[in-house]
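These notes concern the structure reproduced below.
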Amino acid sequence: MEKAKMDRISELTAISRVRELTEAEQAERKALREEYLADWRRGTIDVLENTYIVGPDGKKRKLQKKK
């Protein structure tokens with residue numbers, strides 16, 4: 001996620017502490033948060049898909065996805 005968008009989320013959060021956000025601001029913050037979470041989830045999944053476990057016998061095995 002772009003730094004400008006993350007800064008905007010922080011800005012809207014700071015504003016919400018001072019006054020109530022307008023409906024447009026609430027919708028903007030919600031959309032930005034959803035985008036941030038989607039990016040975070042994608043990055044986390046990428047890391048987990050490239051994670052290997054080394055067993056006591058020294059063999060590497062790919063981390064299995066929970067069912």
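For the stretch 51-63, the set of residues classified as hydrophobic (A, V, I, L, M, F, W, C) and either closer than 28 Å to Ile9 by Cβ or in a loop (DSSP other than H, G, I, E, B) (or both) consists of Leu63 only.
Given Leu21, Leu32, Leu48, which one is surrounded by 10 or more Cβ atoms within 10 Å (Cβ to Cβ) and part of a loop (DSSP other than H, G, I, E, B)? Unique residue meeting the criteria: Leu21.
Only the coordinates and a few stated rules stand behind these numbers; no lab work does. Because the structure is predicted, anything quoted here is derived from the model rather than measured. Heads up, the Cβs are rebuilt from the backbone with ideal geometry, glycines too, and the neighbour counts pull from every protein chain shown.
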